[in-house]
Amino acid sequence: MKAVCMTVAVFTAVAVTAGAAWAAFTDNMYPTPYANLACVDEGSTPNGYLSCQTDNATLTYYMDSGGSNMLETVDRNRVNYVMEHVFEPTDLTVSLDSTPSFSGSAETDIVYEESGIGVPSGASGVTFCNDAADHLRCDQQYIRILGGGHYANGLICHETGHAVGLLHGDQASPVTSRRDERLGCMEDPVSDGEVLQDNNIDNINGTY
Ligand SMILES: [Zn+2]
């Protein structure tokens, strides 16, 4: 199964200082010249629902565990697997936050929900900032993925990538295809087994 992820296009003519100068073949870390609107809270105009960088290298996450948006055990196990085996090996320090914070200046960084609210038509998931820390960084981002088996490792990796600032190929600099295999799980559509691969890891480790 291939899962499609649609993020709101954020193209402007404003130049952004180039960030990546490592082995990465393209800079797909927000901001780029093709994704550089300021990080804002969800629903703010004109930016809408966007993801941006997380606020520091300590990445905490929580999975909704009650009510209509809770993750089933199978989904929770997949999120935990991806966080432990795909994101923890980067320069990020990843941990499950069993006592999540939803206010203040040190909120739990990523909140996973099983929900279709805000997921664009034709897509399987969405990631957006709930509380911007500054113009680049977000204190808390939400990941919503549809139920019915859509919580797959590849899409979890993809949306979590957005939650730490990674972009699709058509917003990378230089621009590449959204289907460029070198983008690993940030490829769109994404296959179940995709992981970060070198380009995404270089961009994460160069940022955090
Ligand atoms: Zn995406």
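Every number in this text was worked out from the coordinates using simple rules, so none of it is lab data. Predicted, not measured: the structure shown is a model, and the values here were computed from it. Because the Cβ atoms are built from the backbone with ideal geometry, glycine has one as well, and the counts that use them run over all protein chains shown.
Using the Karplus curve 6.51 cos²θ - 1.76 cosθ + 1.60 with θ = phi - 60°, work out ³J(HN,Hα) for each residue of segment 152-166 in order, rounded to whole Hz, and write x for Gly and Pro.
Residue by residue, segment 152-166 yields 10, 4, x, 6, 4, 4, 4, 5, 5, x, 4, 5, 10, x, 6 Hz.
Using amide H atoms built 1.01 Å from N in the peptide plane, name the residues 5+ places from Tyr112, or on other chains, whose amide H lies under 5 Å from its own.
Correct list: Tyr62, Met63, Asp64, Ile143.
Taking the chain as a whole, which cysteines find no other cysteine Cβ under 4.7 angstrom from their Cβ?
For the chain, the answer is Cys5, because their Cβ atoms have no other cysteine Cβ under 4.7 Å.
Please figure out what share of the DSSP beta bridges in the chain is antiparallel and state it in percent, rounded to the nearest 5.
45
Take segment 80-131, compute every pairwise Cα distance, and split them into 5 Å bins from 0; I just need the percent in each bin.
All Cα pairs considered, the percentages come to 4, 15, 20, 21, 22, 13, 4.
Report the per residue volume, in Å³, of the convex hull enclosing the C-alpha atoms of segment 3-207. Walk me through the intermediate numbers first.
Working: hull volume 22.3 nm³, N = 205.
Spelled out: Cα convex hull of segment 3-207, divided by residues, is 109 Å³.
When ranked by the protection proxy of mean other Cβ atoms within 10 Å per residue, highest first, what sequence do the peptides 116-122, 199-205 form?
Numbers: 116-122: 12.9, 199-205: 22.9.
Output ranking for 116-122, 199-205: 199-205, 116-122.
From the helices alone, meaning DSSP H stretches of at least four residues, give me the mean residue ellipticity at 222 nm for the chain, per-run term -39500 (n - 2.57), in deg cm²/dmol to the nearest 500. Can you show the working numbers first?
On the way: 3 runs with 32 residues, N = 208.
Taking each H run of at least 4 residues, the total per residue is -4500 deg cm²/dmol.
Report the local net charge at Ala172: Lys and Arg +1, Asp and Glu -1, summed over other residues whose C-beta lies under 9 Å from its C-beta.
Net charge in that neighbourhood comes out at -3.
Rounded, prolate or oblate: which one fits segment 51-111, using the alpha carbon gyration tensor with axes a ≥ b ≥ c (rounded when a/c is under 1.5, else prolate when a/b beats b/c, else oblate)?
Oblate, since a/c reaches 1.5 and b/c is not below a/b.
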